[in-house]
Amino acid sequence: MTVRLKDETSSEDEDAPLSSSIQRTKRTIEDCDYEDDDLKSKTVNTGIKKEDNDAYDSDEALSKVAKPKKIVKRAKKAVSKKSSSSNAKKSIKRAAPRKTPKVVREVSVEQQNADPEDDSKESTEDVDEFKWWEKENDDESIKWTTLKHNGVIFPPKYDPLPSHIRMYYDGNPVDLPPQAEEVAGFFAALLESDHAQNPTFQKNFFSDFLDVLKESGGARNGIKPKDFKLCDFSKMFDYFQLQKEQRKQLSPQEKKKLKQEKEELEEPYKFCWLDGRKEQVGNFRIEPPGLFRGRGAHPKTGKLKRRVYPEDVVLNLDKEATIPEAPDGHKWGEVRHDNTVQWLAMWRENISNSFKYVRFAANSSLKGMSDFKKFEKARQLKDYIDAVRKDYNKNLKSKVMLERQIAVACYFIDVFALRAGGEKADDEADTVGCCSLRYEHVTLKPPNTVIFDFLGKDSIRFYQEVQVEKQVFKNLTLFKKAPKKPGHQLFDRLDPSILNKHLQNYMPGLTAKVFRTYNASKTMQDQLDLIPNEGTVAEKLLKYNAANRTVAILCNHQRTVTKGHAASVQKAMERIEELEWQKIRLKRTIMQLDEAEVKKNPKYFAEVKDLVKEQEAAIHKRLVEKEREKYTKKFARENEKRKFDKEEELPESVLQEWMEKAEEMEKEYRQELDTGKVQVKTSDIEKIKSQIEKLDQRIENCSIQLKDKEDNSQVALGTSKINYIDPRLSVVFCKKFGVPLEKVFTKSLRDKFKWAVESADENWRF
């Protein structure tokens, strides 16, 4: 399971914005008349003289720009005005949209101090009954009172390769010590991947490999690798491929047994005791060593992720808890008792020298509280957004350069959902956001077209050609004015901390990140309001996904088309074609039974003539091949089971008997193709018509799913649905339109968003 690099409660860093050529829907902002020359000759009503324009880095200038009293006063006035009509303020302050009278079960001291391994039967009941969203909790600094867990699982020790499997250098086998052999194996396993062909990946790997080889005393046969191009990892790669094939050939029973053994090993680490409740742990495994891959053109791709030892790990639990035993011969780096944080263990990784954490699972109460607060914070913004927009619209023409830059940045973040962005070190990927945009990232095409072209989060290219307000375009022209050139910052007087400090004057805790969640949820609410309550469940889901797709496009959650997409679409089209053929067969049956039916309703039977013989023959061939494949797999599966249970295997004659059924089917289809007559299996015409109606429904559902698949091929719906759209909106959709919740949320998401499922009814609004 992926572990976060930062100790944050927000889920935002899970998403991956990708480039999109689809122009976003923009909010219309009033156009303003303006002359840039005014900037040189006039002062503004803040009392800042024109010479203060150059003092943008001083605290005095910042304090004058912020105007906290006026902004807060205006924002409060806006909130007061809205609250009088909609009572929105009251809905924000309460712990949940609605409460049920059920009482939260109290936990005794004895239960809180119980050992994590005890009381397994009561655990699931504890999780189900603890409805934190019904419980008032004003102290946000204290995350827990008691916390007990069994530590973490470390990856297995390295198992050296057989003596005849070696890395070769300049044609000679190299006898590597285990530490260096393990690192060489990391590269060998990726030999035919795109990563291994990347020169940066090769360079970083080889540098770290030589370091490990030197640390471990060098090759035991004295060979000293110096040139990566002379290294041959093919023997190691072939060995790993053989191992992979052998694992694939394991019988289902053997795989099941291995899975059970793995689950038994992991069971003690899967759960912890939090304030007397048994709750799930998210990522209890320490990441294994390997080669860092990164995303996009990351400068550190290929570097060695070193093995983590107990001495590197910090555990966090309560003072009374039993400290888990460290692996033999080791001890923990540190044991803490910090109840103001939400992690159970942490360590520092060597690639970017940042911390990684073992956290609670997504369905835990603490994670749920974090999600709830995040969405409530975004929901709160609706009472302040008008004041924010009014100010940045006004400040687009400010005589203070910093105010103009803040205004344009707010416009980009609000309208185009750009991230705030921040400074990057030289050894980090050159990814940028709004505040860190450079001269070359923005191209201007008069009269008001802006082309964004930069690497966004995870080194994914962000390319957008959009229309902006006239005043924004004029400001961008000014920001790019000489002597600026490629490499220079577009917003040279602004950074995320200044921007967020400005935003927090409107609303406590307001940052650029909150805008993405707010605009995503607001857009989803608006889209759901347009959906009529009609049609089948499949049709309603198609409209729900279309609404979700609008949000994903707004947030730039694009993805590359998967390798298997074309094959998947082809398979779906073939399935629809086979269902159409089945329907035509049934209509032929009716025609054979009663010719008068054709005269009564000729349109009903018109499609029978649309199916040409060549197309029908291809369908027959596919169906017969599927039937044979089904029996072959069934025979192999049954014998694997019998072999595992030490029973006598089925003889080949059984398979032959099954195959004869497929041959009979093939013979029947051939005869049907030659004569145009179907073998009649029932003479009940009404029953046949009922079967045709069911096939029509299946064809419609399959067609809807295929359209959805194609529409979503380049859009990642999951990221926006999980991290940006308030889950209560999805719950409202399901309850209002009669769509089963499992059609929208998987089991894990239903557990994660249990608070949303139980706290929102069909009338809830974002």
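The values are calculated or read from the model by the stated rules, or taken from the named source; none is laboratory data. Remember, predicted model here, so these are calculated numbers, not experimental data. Glycine also receives a Cβ, built like all others from the backbone with ideal geometry; neighbour counts cover every protein chain displayed.
Here's a check for you: in region 364-385, which residue that is under 24 Å from the mean Cα position of the chain (by Cα) and among the aromatic types (Phe, Trp, Tyr) is surrounded by the most Cβ atoms within 10 Å (Cβ to Cβ)?
Result: PHE375.
Please count how many residues of region 143-169 are among the aliphatic types (A, V, I, L, M) and over 23 Å from TRP347 (Cα atoms).
3
Report, by residue number, each residue of region 686-732 that is basic (Lys, Arg) and either within 18 Å of the chain's Cα centre (by Cα) or farther than 29 Å from THR517 by Cα (or both).
Hits for region 686-732 are LYS687, LYS689, LYS694, ARG698, LYS709, LYS721.
Identify all residues within region 705-751 that are crowded, with 22+ Cβ neighbours inside 10 Å and either assigned to a loop (DSSP other than H, G, I, E, B) or of a type in the set (Lys, Arg) (or both); write none if there are none.
LYS721, ILE725, ASP726, ARG728
So VAL432 fits all but one of (1) out of contact with any Ser or Thr (no Cβ under 8 Å at 6 or more places or on another chain); (2) part of a strand (DSSP E or B); (3) closer than 16 Å to LEU490 by Cα; what number is the exception?
All conditions are met except number (2).
On the basis of being loosely packed, with under 12 Cβ neighbours inside 10 Å, over 29 Å from the mean Cα position of the chain (by Cα) and farther than 30 Å from LEU147 by Cα, does ASP232 make the cut?
Numbers: loosely packed, with under 12 Cβ neighbours inside 10 Å: no; over 29 Å from the mean Cα position of the chain (by Cα): yes; farther than 30 Å from LEU147 by Cα: yes.
So ASP232 fails the test.
With region 333-406 as the region, which strands (runs of 3 or more DSSP E) entirely inside it contain at least 2 residues that are closer than 28 Å to LEU503 by Cβ? Before the answer, list the steps.
Details: elements: 334-336, 343-348, 355-359.
Of the strands (runs of 3 or more DSSP E) lying wholly inside region 333-406, those with at least 2 residues that are closer than 28 Å to LEU503 by Cβ span 355-359.
Give, as residue ranges, the helices (runs of 4 or more DSSP H) completely inside region 455-553 that count at least 2 residues that are outside the structural domain of ASP696 (by TED's automatic domain parsing), hydroxyl-bearing (Ser, Thr, Tyr) and closer than 25 Å to PHE372 by Cα.
In region 455-553, the matching helices (runs of 4 or more DSSP H) lie at 512-529.
Condition first: outside any helix (DSSP H, G or I) and more than 22 Å from LYS248 (Cβ to Cβ). Now tell me which residues in region 601-658 satisfy that.
ASN601, LEU611, VAL612, LYS646, GLU647, GLU648, LEU650, PRO651, listed by residue number.
Give LYS661, LYS681, LYS694 a once-over and let me know the one that is in the same structural domain as ASP594 (by TED's automatic domain parsing), under 24 Å from GLU578 (Cβ atoms) and not in a helix (DSSP H, G or I).
Criteria check complete, one pass: LYS681.
Of the residues that make up region 630-643, is at least one under 24 Å from MET573 (Cβ atoms), free of Cβ contacts under 8 Å to residues at least 12 places away in the same chain and touching a helix residue (DSSP H, G or I) at 6+ places or on another chain (Cβ under 9 Å)? Lay out the reasoning, then the answer.
Step one: filter region 630-643 for residues under 24 Å from MET573 (Cβ atoms), giving 630, 633.
Subsequent filtering for residues that are free of Cβ contacts under 8 Å to residues at least 12 places away in the same chain retains 630, 633.
Next cut, touching a helix residue (DSSP H, G or I) at 6+ places or on another chain (Cβ under 9 Å) only: 630.
Within region 630-643, one or more residues are under 24 Å from MET573 (Cβ atoms), free of Cβ contacts under 8 Å to residues at least 12 places away in the same chain and touching a helix residue (DSSP H, G or I) at 6+ places or on another chain (Cβ under 9 Å).
Before we move on, is VAL468 in contact with a strand residue (DSSP E or B) (Cβ under 6 Å, 6 or more places away or on another chain) and within 18 Å of ARG389 (Cα to Cα)? Don't jump to the end; show me each part of the working.
On the way: in contact with a strand residue (DSSP E or B) (Cβ under 6 Å, 6 or more places away or on another chain): yes; within 18 Å of ARG389 (Cα to Cα): yes.
Answer is yes for this residue.
With ASP170, ASP175 as the choices, which residue is charged (D, E, K, R), over 21 Å from LYS300 (Cβ atoms) and in contact with a Leu (Cβ under 6 Å, 6 or more places away or on another chain)?
ASP170
Please tell me if LYS583 is touching a helix residue (DSSP H, G or I) at 6+ places or on another chain (Cβ under 9 Å), of a type in the set (Lys, Arg) and touching a residue at least 24 places away in the same chain (Cβ under 8 Å).
So LYS583 fits the description; yes.
Here is a yes/no grid of residues against (1) part of a loop (DSSP other than H, G, I, E, B); (2) closer than 13 Å to ASN150 by Cα; (3) more than 27 Å from the chain's Cα centre (by Cα):
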{"site": "GLN241", "(1), (2), (3)": "no, no, yes"}
{"site": "GLU267", "(1), (2), (3)": "no, yes, no"}
{"site": "ARG293", "(1), (2), (3)": "yes, no, no"}
{"site": "ASP318", "(1), (2), (3)": "yes, yes, yes"}
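In this structure, is LYS331 basic (Lys, Arg) and either over 28 Å from the mean Cα position of the chain (by Cα) or exposed (fewer than 15 other Cβ atoms within 10 Å of the Cβ) (or both)?
Here the answer is yes, as LYS331 does meet what is asked.
Determine if region 393-412 includes at least one residue that is among the aromatic types (Phe, Trp, Tyr), surrounded by fewer than 21 Cβ atoms within 10 Å (Cβ to Cβ) and either within 20 Å of HIS149 (Cβ to Cβ) or touching a residue at least 12 places away in the same chain (Cβ under 8 Å) (or both).
If we filter region 393-412 for residues that are among the aromatic types (Phe, Trp, Tyr), which is where we start, we get 411-412.
Remaining after also requiring surrounded by fewer than 21 Cβ atoms within 10 Å (Cβ to Cβ): none.
Checking region 393-412: not a single residue is among the aromatic types (Phe, Trp, Tyr), surrounded by fewer than 21 Cβ atoms within 10 Å (Cβ to Cβ) and either within 20 Å of HIS149 (Cβ to Cβ) or touching a residue at least 12 places away in the same chain (Cβ under 8 Å) (or both).
For ILE685, which of the numbered conditions (1) among the aliphatic types (A, V, I, L, M); (2) farther than 30 Å from ILE584 by Cβ; (3) at pLDDT below 90 fails to hold?
If we test ILE685 against (1) among the aliphatic types (A, V, I, L, M); (2) farther than 30 Å from ILE584 by Cβ; (3) at pLDDT below 90, just (2) comes out false.
Go through region 560-600 residue by residue and tally those that are assigned to a helix (DSSP H, G or I), hydroxyl-bearing (Ser, Thr, Tyr) and at pLDDT below 85.
1
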